[in-house]
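Structure first, then comments.
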Amino acid sequence: MRKLIDKLTDGGKLRYTPTQLWYAAARNRTPAGGTSYGCVAVGFILVTGFFSLLIMGTNEFDPDVVRGTLVTAGAFLALVLLLTFRGSRRAKWSGTVEVPMSLSVFRTSVINRWTVVHSRPLGLKDEGSVRFPVLPVLPALPDGGTPRLVVLCPDRDVLACLALNDVHTTHSLALAQSLDQLGNISTGPASAGGPGPVAIVLHDASPAGLAFAAATRAALGGRAVVAGMLPRTVLDKPNALRLRKPLRSGDLDVIRASTPPLTPAEADWLSRGWWSPIAAVPPAKLLTVVARAVDRAEGIADPDRGRAQQVGFLTWPTAS
(Lines give C-alpha, C1' and ligand atoms only; values in the text may rest on other atoms or scores of the structure.)
Protein backbone atom coordinates (compact mmCIF):
# COMPACT_ATOMS: atom_id res chain seq x y z
CA MET A 1 0.00 0.00 0.00
CA ARG A 2 2.77 2.46 0.86
CA LYS A 3 4.48 1.79 -2.49
CA LEU A 4 1.19 2.23 -4.35
CA ILE A 5 0.43 5.45 -2.49
CA ASP A 6 3.90 6.83 -3.21
CA LYS A 7 3.50 6.09 -6.94
CA LEU A 8 -0.01 7.53 -7.17
CA THR A 9 0.91 10.71 -5.30
CA ASP A 10 4.23 11.08 -7.14
CA GLY A 11 6.05 11.37 -3.85
CA GLY A 12 3.21 13.02 -1.93
CA LYS A 13 2.44 15.78 -4.47
CA LEU A 14 -0.76 14.53 -6.10
CA ARG A 15 -4.24 13.37 -5.16
CA TYR A 16 -6.12 10.33 -6.41
CA THR A 17 -9.48 8.54 -6.03
CA PRO A 18 -10.36 5.15 -4.46
CA THR A 19 -10.99 3.71 -7.94
CA GLN A 20 -7.49 4.70 -9.07
CA LEU A 21 -6.01 3.04 -5.98
CA TRP A 22 -8.15 -0.06 -6.70
CA TYR A 23 -6.87 -0.32 -10.26
CA ALA A 24 -3.28 0.27 -9.12
CA ALA A 25 -3.59 -2.57 -6.59
CA ALA A 26 -5.06 -4.87 -9.27
CA ARG A 27 -2.19 -4.36 -11.71
CA ASN A 28 -0.24 -7.61 -12.14
CA ARG A 29 -2.88 -9.41 -10.05
CA THR A 30 -5.60 -9.66 -12.69
CA PRO A 31 -5.96 -12.99 -14.53
CA ALA A 32 -4.40 -13.03 -17.98
CA GLY A 33 -7.44 -14.69 -19.53
CA GLY A 34 -8.27 -18.28 -20.26
CA THR A 35 -9.21 -21.01 -17.82
CA SER A 36 -7.55 -24.38 -17.33
CA TYR A 37 -9.96 -27.28 -17.18
CA GLY A 38 -7.21 -29.83 -16.52
CA CYS A 39 -8.23 -30.37 -12.89
CA VAL A 40 -11.83 -30.96 -13.95
CA ALA A 41 -10.74 -33.56 -16.53
CA VAL A 42 -8.47 -35.35 -14.03
CA GLY A 43 -11.30 -35.40 -11.50
CA PHE A 44 -13.67 -37.04 -13.99
CA ILE A 45 -11.02 -39.63 -14.91
CA LEU A 46 -10.48 -40.58 -11.25
CA VAL A 47 -14.19 -40.76 -10.46
CA THR A 48 -14.93 -42.76 -13.62
CA GLY A 49 -12.08 -45.18 -12.87
CA PHE A 50 -13.27 -45.65 -9.30
CA PHE A 51 -16.87 -46.46 -10.25
CA SER A 52 -15.72 -48.67 -13.14
CA LEU A 53 -13.60 -50.76 -10.75
CA LEU A 54 -16.45 -50.83 -8.26
CA ILE A 55 -18.93 -52.09 -10.88
CA MET A 56 -16.50 -54.70 -12.25
CA GLY A 57 -15.48 -55.82 -8.76
CA THR A 58 -19.02 -56.32 -7.54
CA ASN A 59 -19.62 -58.51 -10.61
CA GLU A 60 -16.46 -60.51 -9.89
CA PHE A 61 -14.86 -59.11 -13.06
CA ASP A 62 -17.19 -60.97 -15.34
CA PRO A 63 -15.74 -60.59 -18.89
CA ASP A 64 -19.01 -59.32 -20.33
CA VAL A 65 -19.41 -56.79 -17.52
CA VAL A 66 -15.77 -55.70 -17.84
CA ARG A 67 -16.16 -55.20 -21.59
CA GLY A 68 -19.36 -53.21 -21.25
CA THR A 69 -18.02 -51.12 -18.39
CA LEU A 70 -14.80 -50.24 -20.22
CA VAL A 71 -16.66 -49.30 -23.41
CA THR A 72 -19.12 -47.12 -21.50
CA ALA A 73 -16.39 -45.49 -19.37
CA GLY A 74 -14.22 -44.85 -22.43
CA ALA A 75 -17.08 -43.21 -24.34
CA PHE A 76 -17.98 -41.10 -21.29
CA LEU A 77 -14.40 -39.94 -20.77
CA ALA A 78 -13.97 -39.12 -24.47
CA LEU A 79 -17.08 -36.91 -24.31
CA VAL A 80 -15.87 -35.24 -21.08
CA LEU A 81 -12.42 -34.52 -22.51
CA LEU A 82 -13.94 -33.06 -25.69
CA LEU A 83 -16.25 -30.77 -23.74
CA THR A 84 -13.50 -29.60 -21.37
CA PHE A 85 -11.17 -28.89 -24.30
CA ARG A 86 -13.84 -26.84 -26.07
CA GLY A 87 -14.68 -25.04 -22.84
CA SER A 88 -11.03 -24.20 -22.25
CA ARG A 89 -10.67 -22.76 -25.75
CA ARG A 90 -13.88 -20.75 -25.40
CA ALA A 91 -12.71 -19.32 -22.07
CA LYS A 92 -9.32 -18.45 -23.56
CA TRP A 93 -10.88 -16.41 -26.38
CA SER A 94 -14.05 -15.02 -24.81
CA GLY A 95 -13.93 -15.52 -21.04
CA THR A 96 -14.56 -12.53 -18.78
CA VAL A 97 -11.52 -11.02 -17.04
CA GLU A 98 -12.25 -8.72 -14.11
CA VAL A 99 -10.42 -7.25 -11.16
CA PRO A 100 -10.29 -10.12 -8.61
CA MET A 101 -11.75 -7.98 -5.80
CA SER A 102 -14.77 -5.74 -6.36
CA LEU A 103 -14.44 -2.01 -5.71
CA SER A 104 -16.97 -2.11 -2.86
CA VAL A 105 -15.08 -4.91 -1.10
CA PHE A 106 -11.78 -3.09 -1.70
CA ARG A 107 -13.19 0.05 -0.06
CA THR A 108 -14.33 -1.78 3.06
CA SER A 109 -11.68 -4.48 3.51
CA VAL A 110 -8.62 -2.53 2.34
CA ILE A 111 -9.13 1.25 2.42
CA ASN A 112 -11.35 1.39 5.52
CA ARG A 113 -9.22 -1.18 7.34
CA TRP A 114 -6.03 0.69 6.47
CA THR A 115 -7.62 3.92 7.70
CA VAL A 116 -8.52 2.33 11.06
CA VAL A 117 -5.06 0.87 11.59
CA HIS A 118 -2.77 3.46 9.98
CA SER A 119 -4.90 6.59 9.17
CA ARG A 120 -6.34 7.80 5.89
CA PRO A 121 -4.04 7.01 2.91
CA LEU A 122 -2.07 10.09 1.87
CA GLY A 123 -3.66 11.95 -1.06
CA LEU A 124 -6.82 9.81 -1.22
CA LYS A 125 -9.97 11.82 -1.97
CA ASP A 126 -13.50 10.57 -2.65
CA GLU A 127 -14.64 11.23 -6.22
CA GLY A 128 -18.21 11.68 -4.98
CA SER A 129 -17.33 15.10 -3.59
CA VAL A 130 -16.84 16.52 -7.12
CA ARG A 131 -19.83 17.79 -9.12
CA PHE A 132 -19.69 18.26 -12.89
CA PRO A 133 -19.23 20.31 -14.90
CA VAL A 134 -16.30 21.85 -13.02
CA LEU A 135 -15.40 25.41 -14.00
CA PRO A 136 -12.14 27.27 -13.32
CA VAL A 137 -12.08 30.29 -11.06
CA LEU A 138 -13.77 33.10 -12.99
CA PRO A 139 -11.00 35.75 -12.63
CA ALA A 140 -8.66 33.36 -14.44
CA LEU A 141 -10.94 33.18 -17.48
CA PRO A 142 -10.63 35.42 -20.54
CA ASP A 143 -13.50 36.46 -22.79
CA GLY A 144 -16.01 37.32 -20.11
CA GLY A 145 -15.65 34.24 -17.97
CA THR A 146 -16.23 31.55 -20.64
CA PRO A 147 -13.49 28.87 -20.76
CA ARG A 148 -12.10 28.20 -24.23
CA LEU A 149 -11.08 24.65 -23.35
CA VAL A 150 -12.94 21.75 -21.77
CA VAL A 151 -11.85 18.21 -20.92
CA LEU A 152 -14.54 15.70 -21.87
CA CYS A 153 -14.37 12.23 -20.32
CA PRO A 154 -17.21 9.83 -19.45
CA ASP A 155 -15.23 8.45 -16.50
CA ARG A 156 -15.93 10.63 -13.48
CA ASP A 157 -12.91 9.22 -11.62
CA VAL A 158 -10.58 10.64 -14.25
CA LEU A 159 -12.26 14.04 -14.13
CA ALA A 160 -12.30 13.95 -10.32
CA CYS A 161 -8.56 13.27 -10.31
CA LEU A 162 -8.00 16.26 -12.59
CA ALA A 163 -10.20 18.47 -10.42
CA LEU A 164 -8.58 17.32 -7.17
CA ASN A 165 -5.19 18.25 -8.65
CA ASP A 166 -6.47 21.69 -9.77
CA VAL A 167 -5.97 21.06 -13.48
CA HIS A 168 -9.06 23.17 -14.26
CA THR A 169 -7.46 26.16 -12.53
CA THR A 170 -3.90 25.59 -13.78
CA HIS A 171 -4.99 25.48 -17.44
CA SER A 172 -8.17 27.63 -17.15
CA LEU A 173 -10.39 24.88 -18.54
CA ALA A 174 -13.65 23.17 -17.65
CA LEU A 175 -14.26 19.50 -16.87
CA ALA A 176 -17.35 17.70 -18.16
CA GLN A 177 -18.61 14.13 -18.60
CA SER A 178 -20.73 14.57 -21.72
CA LEU A 179 -21.59 16.83 -24.64
CA ASP A 180 -24.85 17.70 -22.89
CA GLN A 181 -22.90 19.49 -20.17
CA LEU A 182 -21.32 21.86 -22.69
CA GLY A 183 -24.46 23.98 -22.49
CA ASN A 184 -23.54 24.79 -18.89
CA ILE A 185 -20.03 25.82 -19.90
CA SER A 186 -20.27 27.93 -23.04
CA THR A 187 -22.80 30.51 -24.18
CA GLY A 188 -22.32 29.35 -27.75
CA PRO A 189 -23.98 26.26 -29.27
CA ALA A 190 -21.93 23.07 -29.27
CA SER A 191 -22.23 22.41 -32.99
CA ALA A 192 -19.58 21.58 -35.56
CA GLY A 193 -17.88 24.71 -36.79
CA GLY A 194 -19.83 26.98 -34.43
CA PRO A 195 -18.66 28.94 -31.41
CA GLY A 196 -17.84 27.14 -28.23
CA PRO A 197 -14.92 25.62 -26.35
CA VAL A 198 -12.36 23.25 -27.80
CA ALA A 199 -12.81 19.81 -26.24
CA ILE A 200 -9.95 17.58 -25.12
CA VAL A 201 -11.40 14.06 -25.25
CA LEU A 202 -10.17 11.37 -22.86
CA HIS A 203 -11.52 7.82 -23.05
CA ASP A 204 -10.84 4.15 -22.30
CA ALA A 205 -9.11 1.80 -24.71
CA SER A 206 -12.43 0.14 -25.55
CA PRO A 207 -15.21 0.17 -28.16
CA ALA A 208 -17.22 2.44 -25.85
CA GLY A 209 -14.28 4.84 -25.64
CA LEU A 210 -13.87 4.91 -29.42
CA ALA A 211 -17.61 5.53 -29.81
CA PHE A 212 -17.43 8.45 -27.34
CA ALA A 213 -14.55 10.00 -29.30
CA ALA A 214 -16.41 9.53 -32.60
CA ALA A 215 -19.56 11.16 -31.21
CA THR A 216 -17.54 14.14 -29.96
CA ARG A 217 -15.83 14.56 -33.35
CA ALA A 218 -19.20 14.43 -35.08
CA ALA A 219 -20.62 17.12 -32.77
CA LEU A 220 -17.62 19.46 -32.56
CA GLY A 221 -15.71 18.85 -35.77
CA GLY A 222 -12.33 20.57 -35.66
CA ARG A 223 -12.91 21.66 -32.07
CA ALA A 224 -12.26 18.15 -30.77
CA VAL A 225 -8.76 17.11 -29.69
CA VAL A 226 -8.79 13.39 -28.97
CA ALA A 227 -6.16 12.36 -26.42
CA GLY A 228 -7.73 9.13 -25.20
CA MET A 229 -6.22 5.68 -24.95
CA LEU A 230 -5.80 3.48 -27.99
CA PRO A 231 -5.20 -0.28 -27.79
CA ARG A 232 -1.63 0.19 -29.01
CA THR A 233 -0.75 2.03 -25.79
CA VAL A 234 -1.87 -1.04 -23.83
CA LEU A 235 -0.39 -3.68 -26.12
CA ASP A 236 3.03 -2.03 -25.89
CA LYS A 237 3.05 -2.11 -22.07
CA PRO A 238 3.18 -5.55 -20.39
CA ASN A 239 2.16 -4.08 -17.01
CA ALA A 240 -0.93 -2.27 -18.30
CA LEU A 241 -4.25 -3.33 -16.80
CA ARG A 242 -6.16 -5.57 -19.22
CA LEU A 243 -9.78 -6.53 -18.64
CA ARG A 244 -12.29 -8.40 -20.79
CA LYS A 245 -16.07 -8.44 -21.12
CA PRO A 246 -18.59 -9.54 -23.77
CA LEU A 247 -18.99 -7.22 -26.75
CA ARG A 248 -22.19 -5.21 -27.03
CA SER A 249 -24.30 -4.80 -30.13
CA GLY A 250 -22.55 -2.44 -32.54
CA ASP A 251 -19.10 -2.73 -30.96
CA LEU A 252 -17.62 -4.44 -34.03
CA ASP A 253 -18.91 -1.61 -36.25
CA VAL A 254 -17.24 0.93 -33.95
CA ILE A 255 -13.95 -0.99 -34.13
CA ARG A 256 -14.05 -1.10 -37.95
CA ALA A 257 -14.90 2.62 -38.25
CA SER A 258 -12.30 3.83 -35.74
CA THR A 259 -10.45 7.07 -36.45
CA PRO A 260 -7.49 6.82 -36.61
CA PRO A 261 -7.75 3.34 -38.14
CA LEU A 262 -6.71 0.50 -35.86
CA THR A 263 -3.98 -1.96 -36.72
CA PRO A 264 -5.03 -5.61 -37.23
CA ALA A 265 -3.58 -6.46 -33.81
CA GLU A 266 -5.56 -3.66 -32.13
CA ALA A 267 -8.80 -4.59 -33.88
CA ASP A 268 -8.33 -8.25 -32.96
CA TRP A 269 -7.63 -7.34 -29.32
CA LEU A 270 -10.80 -5.25 -29.02
CA SER A 271 -12.87 -7.77 -31.02
CA ARG A 272 -12.10 -10.43 -28.41
CA GLY A 273 -13.58 -8.23 -25.67
CA TRP A 274 -10.37 -6.84 -24.21
CA TRP A 275 -10.28 -3.27 -22.91
CA SER A 276 -8.32 -1.07 -20.50
CA PRO A 277 -9.72 1.76 -18.32
CA ILE A 278 -8.17 5.20 -18.51
CA ALA A 279 -8.77 5.48 -14.76
CA ALA A 280 -5.95 2.95 -14.35
CA VAL A 281 -3.45 5.49 -15.74
CA PRO A 282 -1.41 6.95 -12.83
CA PRO A 283 -2.30 10.57 -11.96
CA ALA A 284 1.15 11.95 -12.90
CA LYS A 285 0.95 10.46 -16.39
CA LEU A 286 -2.67 11.57 -16.75
CA LEU A 287 -1.72 15.17 -15.93
CA THR A 288 1.10 15.01 -18.47
CA VAL A 289 -1.27 13.80 -21.20
CA VAL A 290 -3.69 16.63 -20.44
CA ALA A 291 -0.92 19.25 -20.42
CA ARG A 292 0.26 18.13 -23.87
CA ALA A 293 -3.30 18.12 -25.19
CA VAL A 294 -3.84 21.63 -23.83
CA ASP A 295 -0.98 22.91 -26.00
CA ARG A 296 -2.67 21.43 -29.08
CA ALA A 297 -6.12 22.66 -28.07
CA GLU A 298 -4.94 26.22 -27.40
CA GLY A 299 -3.63 26.40 -30.95
CA ILE A 300 -7.16 25.61 -32.17
CA ALA A 301 -8.93 27.92 -29.70
CA ASP A 302 -6.58 30.82 -30.49
CA PRO A 303 -5.62 30.98 -34.20
CA ASP A 304 -2.82 33.49 -33.48
CA ARG A 305 -1.32 31.14 -30.93
CA GLY A 306 -1.70 28.26 -33.38
CA ARG A 307 0.25 30.14 -36.05
CA ALA A 308 2.92 30.99 -33.48
CA GLN A 309 3.23 27.33 -32.51
CA GLN A 310 3.76 26.38 -36.15
CA VAL A 311 6.81 28.65 -36.30
CA GLY A 312 8.53 26.22 -33.97
CA PHE A 313 10.38 28.61 -31.68
CA LEU A 314 7.78 31.17 -30.66
CA THR A 315 4.72 30.83 -28.42
CA TRP A 316 2.65 33.46 -26.70
CA PRO A 317 3.63 34.13 -23.09
CA THR A 318 1.35 32.73 -20.40
CA ALA A 319 0.89 33.64 -16.76
CA SER A 320 3.21 31.76 -14.42
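Assorted remarks:
- The order of the peptides 203-211, 242-250 by mean Cβ neighbours within 10 Å, most packed first, is 203-211, 242-250.
- Flagged links, alpha-carbon separation over 21 Å, of Lys13/Lys237; Lys125/Lys245; Lys3/Lys125; Lys7/Lys237; Lys3/Lys285; Lys13/Lys285: Lys13/Lys237; Lys125/Lys245
- Peptides 218-225, 151-158 ranked from most to least packed by the mean count of surrounding Cβ atoms within 10 Å: 151-158, 218-225.
- Three-way shape call for the range 213-295 based on the alpha-carbon gyration tensor, with the a/c threshold at 1.5: oblate
- Ranked packing of 109-118, 270-279, most packed first, by mean Cβ within 10 Å: 270-279, 109-118
- Between Ala265 and Lys3, full extension at 0.36 nm per residue minus the direct alpha carbon distance yields a gain of 91.0 nm.
- Other residues whose C-beta falls under 14 angstrom from the C-beta of Ala240 contribute a net charge of +4, scoring Lys and Arg +1 and Asp and Glu -1.
- Heavy atoms of Met101: accessible area, 1.4 Å probe, square angstrom to 10: 70 Å²
- Extension gain from Ser249 to Leu83, taking 0.36 nm per residue of separation minus the Cα-Cα distance: 57.0 nm
- At 0.692 mPa s and 37 °C, Stokes D of the range 209-253 from Kirkwood alpha-carbon radius, µm² per second: 260 µm²/s
The values are calculated or read from the model by the stated rules, or taken from the named source; none is laboratory data. All values derive from a computational prediction rather than experimental measurement. Positions of Cβ are generated from backbone atoms using ideal geometry, with glycine treated the same way; all protein chains shown enter the neighbour counts. Keep in mind that these areas ignore ligands, DNA and RNA; they rest on the heavy atoms of the full protein, side chains included. Shrake-Rupley method; radii C 1.70, N 1.55, O 1.52, S 1.80 Å.
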